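Notes to accompany the following structure.
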Amino acid sequence: MNVYDGWRIARMLEHRGLTQTDNVADADIIILNTCAVRAKATDKVFSALGRIRRAKKPNALFGIVGCVAREAGANAFRRIPELNFVLGPQSYHKLPEILDDPDSRLLDINLGGLEKFDSLPQLEKSPRIAYIPIQEGCNHCCTYCIVPYTRGREISRSFESVMHDTIHAAQTGAIEICFLGQNVNGYKHTDENGKLYRLSDLIRETAKIPEIMRIRFTSSYPTEMTDDLISMFATEPKLLPFLNMPIQSGSQNVLSRMNRPYTLELYCDIINKLKQARPDIQISSDFIVGFPGESDSDFDDTMKIAQKIKYINSYSFKYSPRPHTGAALMSDQIPENIKAERLAKLDAYLNEVQREFNISCIDKTLSCLLEGPDKTGKHLIYRTPYMQPCIVEYRENAPELTDIIITDANKACLRGKFKI
Ligand code: SAH
């Protein structure tokens, strides 16, 4: 979602005649697009702002957008008085106002709901993979998570406006659509006639667009994985056989303290149903270790669920206490060294499974989407249906979507050759 926001901000400023530079000393405006999910990311923002303050041209504008802006609010100006703007994740469309009035200070951390989607300039060209946000915010209130505070309550965009963006993306270069939301499978929109649209409706409609060859969505909340959506994996071949459905912990006790009230049984049932619908489906997950009160045996349960599901790709984190969240106030916080030990153990296992899965792809032919040349320019990077990067030799006018025979693999990526 942050990648999408950053990309959208860049396009919006290009619309105003600016071009992108990687050199802070060259820039007329410097924008930090920020994440507040863990404390480390937030801390980095303020140290980066200190560096930017010294490196930038004297008249260059600088500021923060996104979740740290929303969390810090006016305090950000107190910490760094020279800041020009502090804009929350739902108000970054207002950024051009600072160009019109560079002597002002722009502060907007309101949760404006869907206003930004109507205010951002229309995109002229879509990247091959088009991210389409279909909802803002989240209603789940997991006790560790700051997102409901920074991005607000869950609100779904209308079916019509999502399809408008999707069709526009298809007409301007998109081959893959990735629907985005904090709780993407909870998408619900009721139109004026009382007709309810769900994510399955968006997928069905998008699959009819000839230019669109691949569809995916992220991230999913387990209990919102309804049967209509699961059945899409059986009926829509364009839906990729890859799903991010974070479990967070394998301990029933920890899950209930996280306020993620699903049973492991239900979670595994959903995966079984998904496998019935699409036998080649693979799952990825997020994990939090060292949540308050997590005992050795709770952590063992997390290892066990990881061993059972065999996630092919995962993100795992040490629990980080966040402001405005219930878990930060729990008295049984886990010491850093234990969190680090558990994370290392879980990561070692998850990495091994990922490596094994990648190696199991050798000799298979996978339909892959072109991402672009690598840094050396000697190779092209493609994405498999499981979003693994696959490196092939550079070829002029390489096809955008093509069959690749996998010849080698390690934990991080695959290597392959064009089938034709
Ligand atoms: N709705 C998104 C959540 C975005 S945050 C989702 O379901 O994926 C992405 C991941 O960060 C979460 O899944 C969780 O694993 C992790 N995370 C969130 N809050 C955290 C915290 N306080 N400490 C450590 N990791 C956290």
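The values are calculated or read from the model by the stated rules, or taken from the named source; none is laboratory data. Everything quoted here is computed from the prediction, not taken from an experiment. Note that we place each Cβ from the backbone using ideal geometry, even for glycine, and neighbour counts take in every protein chain shown. Note: accessible area is taken over every heavy atom of the protein model, side chains too, but ligands, DNA and RNA are not part of it. Shrake-Rupley method; radii C 1.70, N 1.55, O 1.52, S 1.80 Å.
Rounded to the nearest 20 debye, the dipole magnitude of the chain is 720 debye, with +1 charges on Lys and Arg beta carbons, -1 on Asp and Glu beta carbons, and the Cα centre as origin.
Spin-label pair D43-E352: with each label point 7 Å from Cα along the Cα-Cβ axis, the two points sit 3.1 nm from one another.
The order of the peptides 18-24, 66-72 by mean Cβ neighbours within 10 Å, most packed first, is 66-72, 18-24.
Springs between alpha-carbon atoms under 10 Å, Gaussian network over the chain: tell me which of P385, P127, P222 tops the mean-square fluctuations. Its mean-square fluctuation being the largest, the pick is P127. The Cα center of segment 292-371 and the Cα center of segment 196-227 differ in position by 26 Å.
A compact globular protein would have a Cα radius of gyration near 2.2 N^0.38 Å; the ratio found for the chain is 1.01. Evaluated with a Cβ-only charge set (Lys, Arg +1; Asp, Glu -1), segment 73-187 carries a dipole of roughly 400 debye about its Cα centre, given to the nearest 20.
The slack in the chain from E115 to H379, taken as 0.36 nm per residue of separation less the alpha-carbon distance, amounts to 90.9 nm.
Taking 0.36 nm per residue of sequence separation and removing the Cα-Cα distance, the Q20/E265 pair yields an extension gain of 83.3 nm. By the Stokes-Einstein formula, at 0.692 mPa s and 37 °C, segment 1-132 with its Kirkwood radius over alpha-carbon pairs has D equal to 217 µm²/s. 3J(HN,Hα) along segment 147-154: 4, x, 6, 7, 10, x, 6, 6 Hz, from the Karplus curve 6.51 cos²θ - 1.76 cosθ + 1.60 with θ = phi - 60°, whole Hz, x for Gly and Pro. In this structure the amide hydrogen of A27, modeled in the peptide plane, comes within under 5 Å of the amide hydrogens of K57, none closer than 5 places in sequence on its chain. Is the shape of segment 103-143 best called rounded, prolate or oblate, per the rule: a/c under 1.5 gives rounded, else a/b larger than b/c gives prolate, else oblate, with a ≥ b ≥ c the square roots of the Cα gyration tensor eigenvalues? It comes out oblate by the Cα gyration axes.
Give me the percent of accessible area attributable to carbon and sulfur for the chain, probe 1.4 angstrom. Carbon with sulfur: 51 percent of the solvent-accessible area. Dipole magnitude for segment 1-144: computed about the Cα centre from +1 point charges on Lys and Arg Cβ and -1 point charges on Asp and Glu Cβ, it is near 600 debye. A 1.4 Å probe run over segment 27-146, with the rest of the protein chains in place, finds 44 Å² accessible per residue.
Here the sum of -39500 (n - 2.57) over DSSP H runs of 4 or more residues, divided by the residues of the chain, equals -10500 deg cm²/dmol at 222 nm, to the nearest 500. Using a Gaussian network model of the chain in which every pair of alpha carbons under 10 angstrom is joined by a spring, one finds that among D298, D103, D227 the greatest mean-square fluctuation is at D103. Amide hydrogen proximity for Q182: with H placed 1.01 Å from N in the peptide plane, the residues at 5 or more positions away or on another chain lying under 5 Å are G137. In segment 1-56, the ratio of gyration radius to Kirkwood radius, Rg to Rh, stands at 1.00 when only Cα atoms are counted. The GluC sites (Glu not before Pro) of segment 133-221 meeting both criteria, a DSSP state outside H, G, I, E and B (loop) and at most 10 other C-beta atoms within 10 angstrom of the site's C-beta, are E192. Semi-axes of the equivalent ellipsoid for segment 55-147, computed as √(5λ) from the eigenvalues of its C-alpha gyration tensor and ordered from largest down, come to 25, 20, 12 Å. Database remark: amide H of I109 closer than 5 angstrom to the amide H of G88 (H placed geometrically; neighbours at sequence offset of 5 or more, or on other chains; Pro and chain starts carry no H).
Across the options I338, Q388, V353, the greatest Cα extent toward the positive end of the charge dipole of segment 338-389 (unit charges at beta carbon of Lys, Arg, Asp, Glu) belongs to I338. In whole Å, how far is the Cα centre of segment 247-267 from that of segment 119-153? Using only Cα atoms to place each centre, the spacing works out to 25 Å. With θ taken as phi - 60° and the Karplus curve 6.51 cos²θ - 1.76 cosθ + 1.60 applied, the whole-hertz 3J(HN,Hα) list for segment 121-132 is x, 4, 7, 7, 9, 9, x, 4, 9, 9, 8, 10 Hz, x standing for glycine and proline. Normalised by 2.2 N^0.38 Å, where N counts its residues, the alpha-carbon radius of gyration of segment 363-420 equals 0.97. Counted residue by residue at 0.36 nm each, then reduced by the alpha carbon distance between them, the extension gain from N59 to V3 reaches 17.4 nm.
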